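First comes the structure, then the notes that go with it.
The values are calculated or read from the model by the stated rules, or taken from the named source; none is laboratory data. Quantities reported herein were computed from a predicted structural model and do not represent experimental measurements. Here the Cβ is made from the backbone with ideal geometry for all residues, glycine too, and neighbour counts use every protein chain on show.
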Amino acid sequence: MRAFSYHIPTQIEFGNGAIARLPEFVKALGGSRVLVVGDPGVQRVGLIDRVQAILTGASIFNAVYADVESDPATRSVDEGTVHGKANGCDLVVGIGGGSALDTAKAIGLMLVNDGNIKDYVGIGKVPRAGAPVIAVPTTAGTGSELTIWSVLSDKVAKAKISVGSALNCPAIALLDPELTLSLPPQITAATGMDALTHALESYVNTATQPISEAMSDQAMTLIARSLSKAVADGSDVEARGDMLLASTIAAMAFNSTRLGLVHAFAMPLGAKFGIPHGLVNAIMLPEVMRFNHLANPRKFARIAEIFGEKTAGLSVEEAAALSVSAIEKLKLDVGITAKLSNFGVTEGRFDEIVDEAMLSGNVPVNPRQPTNDDMKALLRAELV
Ligand SMILES: [Fe+2]
């Protein structure tokens, strides 16, 4: 068996109503002055107020930075860091979707490290541990609550930049399914497809290893059971709990393995055309699976089985092919019918999209190595 490494430094706390335990975790981490980081959406639904009330009720000082935009710019990190330093904050509570959590993590780093977050783009470039971060996800998809990554936008270059470091993993992922109950169906669907893409791409790629494989298998099993339910009935707290867990477990898989072509496409398509991350993954996933499935048929046959396809009596290749139709069916079930052209993508832009996608670290681990023409064919298949 190939040598591998698996490391997750984040403590995971799961439970309905778990947000009430926030003061206990702040104290356990030695925090005394908390910077609460969120986005305007989270603030609008009253979650920032709720977190502040919980902290203030336990006599813990807190300041708020709630101006994180979606596809957050490095500017959000700069502003949050200045605000945190001005208030002497020594711990960050990030609450929200992937953008809020990615920003909160980066602010945690920058409360301690010198320079600008842009100095640390890449993997393993951050020199010192930051202020501890407690990450409270309110969507079930990105897995940012325990990944090494902060994905930020360089609005000038119209490109996404990624800071990846074990020091960027939150100290605690606080998973409270009740906080996801108000998520609208379209966002539940798109973020759920992001979690699925994480689990699936990690599962079939060439960097996968026994521990991450087990995580991916479990995450996909939870998603098969509960994504459609959570979209159809947002108040189904069991389904919400499954999806929140699935998202976190999928991140425990891909944190050690990277992903694949879907995520390689997601960066330029997100940065240049503003397609929401979960949606762009949902758009590209089945077509990339069709391209990949014969490179690792045993794994794709297992995916078909997880998603309820009858594989008995079929060859492993026939079973593998059913995984593609199973995911296409799921995508329709959760109401995703968008195509790339809906977001202004045209054939004339394929070269620049493919050139940028091919630079991604997610390409070399993909089960099948694509040519530039293969990549364009994948885009063309999802254009209209
Ligand atoms: Fe993703």
### Task
Please work out which residue is surrounded by the fewest Cβ atoms within 10 Å (Cβ to Cβ), limiting yourself to the stretch 110-146 and to residues that are part of a strand (DSSP E or B) and not hydrophobic (A, V, I, L, M, F, W, C).
GLY122
### Message
Being surrounded by fewer than 18 Cβ atoms within 10 Å (Cβ to Cβ), at pLDDT 95 or above and within 24 Å of the chain's Cα centre (by Cα) is true for just one of THR371, THR337, THR346. Which residue is that?
### Response
THR337
#### Entry: Failed criterion for LEU35 (all others in (1) surrounded by 13 or more Cβ atoms within 10 Å (Cβ to Cβ); (2) touching a helix residue (DSSP H, G or I) at 6+ places or on another chain (Cβ under 8 Å); (3) of a type outside the set (Asp, Glu); (4) assigned to a loop (DSSP other than H, G, I, E, B) hold)
(4)
### Query
Within the set of pairs 6+ apart or on separate chains, which have a first residue in the stretch 180-197 that is over 18 Å from ARG44 (Cβ atoms), a second that is among the charged types (D, E, K, R) and within 16 Å of the ligand (Cβ to nearest atom), and C-beta atoms under 6 Å apart?
none
### Residue that is part of a loop (DSSP other than H, G, I, E, B), away from the ligand (no atom under 16 Å from the Cβ) and either surrounded by fewer than 23 Cβ atoms within 10 Å (Cβ to Cβ) or within 21 Å of the chain's Cα centre (by Cα) (or both), where the choices are GLU79, GLU69
GLU69
### Query
Of all the residues that make up the stretch 82-102, how many are crowded, with 24+ Cβ neighbours inside 10 Å, assigned to a helix (DSSP H, G or I) and away from the ligand (no atom under 16 Å from the Cβ)?
1
#### Entry: Single condition GLY124 does not satisfy, out of (1) more than 20 Å from LEU91 (Cβ to Cβ); (2) within 16 Å of the ligand (Cβ to nearest atom)
(2)
### Task
Filter the stretch 183-201 down to residues that are within 11 Å of the ligand (Cβ to nearest atom) and small (Gly, Ala, Ser) and give me whichever is farthest from GLY234 (Cα to Cα).
ALA199
### Query
What residue, among those in the stretch 258-293 that are within 13 Å of TRP149 (Cβ to Cβ) and part of a loop (DSSP other than H, G, I, E, B), is farthest from the ligand (Cβ to nearest atom)?
ARG258
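Could you tell me how many of the residues in the stretch 222-257 are outside any helix (DSSP H, G or I) and surrounded by fewer than 22 Cβ atoms within 10 Å (Cβ to Cβ)?
Narrowing the stretch 222-257 to residues outside any helix (DSSP H, G or I): 233-236, 255-257.
Now drop any that are not surrounded by fewer than 22 Cβ atoms within 10 Å (Cβ to Cβ), which leaves 233-236, 256.
Here the count works out to 5.
With the condition kept exactly as written, say whether any residue in the stretch 309-317 is of a type in the set (Ser, Thr, Tyr), over 30 Å from ALA157 (Cβ atoms) and outside any helix (DSSP H, G or I). Explain how you work it out, then say what you get.
Start the filter on the stretch 309-317 by keeping residues that are of a type in the set (Ser, Thr, Tyr), which leaves 311, 315.
Right, trim to over 30 Å from ALA157 (Cβ atoms) and you get 311, 315.
Filter again for outside any helix (DSSP H, G or I), leaving 311, 315.
Scanning the stretch 309-317, I find at least one residue that is of a type in the set (Ser, Thr, Tyr), over 30 Å from ALA157 (Cβ atoms) and outside any helix (DSSP H, G or I), so the answer is yes.
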